[in-house]
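Written below as structure tokens is the structure these notes are about.
Bear in mind these aren't lab numbers, they're just calculated from the coordinates by the rules spelled out. Keep in mind the model is a prediction, meaning the values are calculated, not measured. Reconstructed Cβ throughout: ideal geometry from the backbone, glycine too, with neighbour counts over all protein chains shown.
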């Protein structure tokens, strides 16, 4: 069954530490995205990628890096985690029409 | 300035009633409006969508009404069921094939049996 799988499901990190969130999709989609959701709010686009080995900045890229080593894998990297980055992070994939985004179950990140 | 606004923040209806969720936007270049449904602990899932060339889109019990002049749209859920209890997000995009969505803050719908 096609799916978007995120790991870990939850993580606690210390301020200033490095955090890597991983996403793997079996949808055979070229497009992948990282969105962030803060409690009680909608999702905001951090980074996206339309092809392997290439990433683009979304609406809120500051403090985040992204890596797309293959069609299936897309990582979000926080080099120096900060308290303000506590949130739930969602990865998604879509085909090139992008009419439907398929989201993973999210990673809950808590930065202390 | 929030580009996509939703109201109400929360809504409670009885089973069988029609729930009406509202959405408005600022940017007239938005031309594609998907609604996503999210259950607790899960990622959002596409429920129904509409492009700006249409004024209505229907899919079973779910209907989007779109008013381009007023920059408003609404999601009507008829014959609401307890299983419809979820958070509903209105989103907008300037281009249907980018996947770059701007989300509202959502409406939490509770359907009481």
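If you filter region B:53-71 down to residues that are touching a strand residue (DSSP E or B) at 6+ places or on another chain (Cβ under 7 Å) and not in a strand (DSSP E or B), you find that the one that is farthest from residue B:32 (Cα to Cα) is B:61.
Identification of strands (runs of 3 or more DSSP E) wholly contained in region A:10-49 with 3 or more residues that are more than 29 Å from residue B:109 (Cβ to Cβ) and away from every other protein chain (no Cβ under 11 Å) yields A:10-13, A:19-25. The residue that is nearest to residue A:110 (Cα to Cα), among those in region A:57-83 that are exposed (fewer than 15 other Cβ atoms within 10 Å of the Cβ) and touching a residue at least 60 places away in the same chain (Cβ under 8 Å), is A:83. Filtered by the rule that a residue be away from chain B (no Cβ under 14 Å), outside any strand (DSSP E or B) and either surrounded by 21 or more Cβ atoms within 10 Å (Cβ to Cβ) or touching a residue at least 40 places away in the same chain (Cβ under 8 Å) (or both), region A:86-112 gives a lone residue, A:112. For region B:58-74, a tally of residues being under 14 Å from the mean Cα position of the chain (by Cα) and exposed (fewer than 14 other Cβ atoms within 10 Å of the Cβ) returns 3. Number of residues in region B:10-47 that are within 12 Å of the chain's Cα centre (by Cα), surrounded by fewer than 18 Cβ atoms within 10 Å (Cβ to Cβ) and either facing another protein chain (nearest Cβ under 10 Å) or part of a loop (DSSP other than H, G, I, E, B) (or both): the value is 2. Each residue in region B:81-101 was checked for being surrounded by 22 or more Cβ atoms within 10 Å (Cβ to Cβ) and either in contact (Cβ under 8 Å) with a residue 60 or more places away in the chain or outside any loop (DSSP other than H, G, I, E, B) (or both), and 6 pass. Within region B:87-113, being within 17 Å of the chain's Cα centre (by Cα), more than 8 Å from chain A (Cβ to nearest Cβ) and over 14 Å from residue A:58 (Cα atoms) holds for B:87, B:88, B:90, B:92, B:107, B:108, B:109, B:110, B:111.
The set of residues in region A:32-55 being loosely packed, with under 15 Cβ neighbours inside 10 Å and touching a strand residue (DSSP E or B) at 6+ places or on another chain (Cβ under 6 Å) consists of A:38 alone.
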